[in-house]
Ligand SMILES: NC(=O)c1ccc[n+]([C@@H]2O[C@H](COP(=O)([O-])OP(=O)(O)OC[C@H]3O[C@@H](n4cnc5c(N)ncnc54)[C@H](O)[C@@H]3O)[C@@H](O)[C@H]2O)c1
C-alpha cells in the first residue's frame, strides 16, 4: 500500500521529541495504515539536542535553532512541538498562523491567558488541524473502559477517580529542572505538567466538573541547582481535586489527582469508574490488566481481572498475546493524529481522536479554579457556558 507522507518539523528535541522520532522510525509496526510521518526538519535552541536527530533520524534534511526558520521551510506540512510551557502560546500560535498542522504538547499554554492566545489562532485558522498530546487513553485497557462509558454500560455512576502519579521527585537530591519553576512550568505546577493526561477522558465523556475544591501541596522546598548550591522549588508537587460532575443524566463526585511525589509510582496513570451496573479500573501500573465488576441487582459482586489482549486502536504486527507499553501508546497517538491529517476527522480508520484544543482549554478552567480554591480554602464553581 502506498502511504501518504506527512512531512513533519519538530520543535523541541528533548525527551518527548525523541519519542516522536522513535515512533516515526517504527511505523512499519502499524498494519494497514495509508499515511506516514516523515521528519524532514528539527529545531532546538540547544544545538546539542538537535545533533542527536542528525545522527539518528536519516530523513532529517535541515536543523534549525530558530523555530521561525523551520516554519518557513516548504518541506514541512505539520509540526510536533515539545518545548517548556512558557513557550507554548507564542510558538503554537506562530505554527498555526504559518498554516502547519500541529500536535502540541500539553498543557497548551502556561496558564489560561496563554491558552486563550492559542485558541484565538485556532479560531482564525480553521483549516489547520490542532491536537494536544495525550497518549494514555490509547492503552487497550483504557480504550475498552472508554468504550463501556460510550455505550452507557455503567448504569448510574457512583463516583469516578482519575490520576497521574510519579515518585522520582521524592529524592531531594534530584536537581531542580524547569518543571519546578513558575517561570517555565507555570503556577499550576504538577497540574499543568500532568493534569491534561488525567482530564482527557473525563473531558471526552462530557464529565465537566461544575466545581472544585483543591488541596495543593509542596513537599520538597529546595533542590540542588547543579552549580553547588540549592534552588527553591516554586511549583506545587501534588494536587488533589475534589469535583462535582453534573451532566444531563448524571451527578456524581470525581476526584482527580496529579502527584510528582507519590512514593513507589512511576508514570502511573489510572481511571476508576464505579457504577450501579458496572465498575471498572485501568492503571498503567498493571498495563495489561483491566478490572471490571458487572452487577445485576441481587447478584454477586465479584471483580474480574482480565489480561487485555494487544488490541490497539490501529492494527499492528504484534500478536494479541503480547503486552502493550508506553512507546506503543505514543505510536498509537501518532497514528490517530496522522490519520486525521491525512483523511480528515470523518475518514479516520477508527473513532478515538487525539485530545482536542477544547479539551485542553477545559483542563485550564479546572486548574485555574483549583488554584483559586487552594488560595481561598473554598469550593470554586466552574462556568462551562462559553
Ligand atoms: N506526553 C507526555 O507523556 C509528556 C511527557 C513529558 C513531557 N511532556 C511535555 O512535553 C513538553 C516538553 O517536555 P520535555 O520533557 O520533552 O522537555 P525537555 O526539557 O526534555 O525538552 C524540551 C526541549 O525544548 C528545547 N527548547 C527550549 N526553548 C526552545 C526554543 N525557543 N526553541 C526550540 N527549542 C527550545 C530545549 O532545549 C529542550 O531540548 C512539555 O510541554 C511537557 O509538558 C509530555
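Okay, here's what the table says:
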item: Sorted by Cβ density within 10 Å, fewest first, the residues 208, 197, 364; result: 208, 197, 364
item: Approximate shape of segment 4-132 as ellipsoid semi-axes (Cα gyration tensor, √5λ), whole Å, largest first; result: 23, 17, 13
item: In range of the label at residue 59: residues from segment 100-127 whose backbone nitrogen is under 16 Å from the point 7 Å along Cα→Cβ; result: 101-103
item: Length gained when the stretch residue 293-residue 317 is fully extended (0.36 nm per residue, less Cα-Cα span); result: 5.5 nm
item: Relative contact order of segment 4-132, pairs being alpha-carbon contacts under 8 Å that are 6 or more residues apart, as %; result: 24 percent
item: Cα extents of the chain along the three principal axes, largest first (Å); result: 65, 55, 41
item: Neighbour-count order for 67, 188, 295, fewest beta carbons within 10 angstrom listed first; result: 295, 67, 188
item: Relative contact order of the chain, defined on C-alpha pairs under 8 angstrom at six or more residues apart (%); result: 19 percent
item: Theoretical FRET efficiency, 1/(1+(r/R0)^6), r = Cβ-Cβ of residue 32 and residue 177, R0 45 Å, to 0.05; result: 0.65
item: Relative contact order (%) - criterion: Cα under 8 Å, at least six apart; region: segment 73-201; result: 27 percent
item: Of all DSSP beta bridges in the chain, antiparallel share, percent nearest 5; result: 60 percent
item: Which of 304, 125, 265, 200 has the fewest Cβ neighbours within 10 Å, and the rest in rising order; result: 304, 125, 265, 200
item: Separation of alpha-carbon centers, segment 96-111 and segment 1-53, rounded to whole Å; result: 17 Å
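Taken together, the values in this text are just the output of simple stated rules run on the coordinates, not laboratory data. Keep in mind it's a predicted model, so treat the numbers as computed, not measured. Positions of Cβ are backbone-derived with ideal geometry, glycine not excepted, and every protein chain shown enters the neighbour counts.
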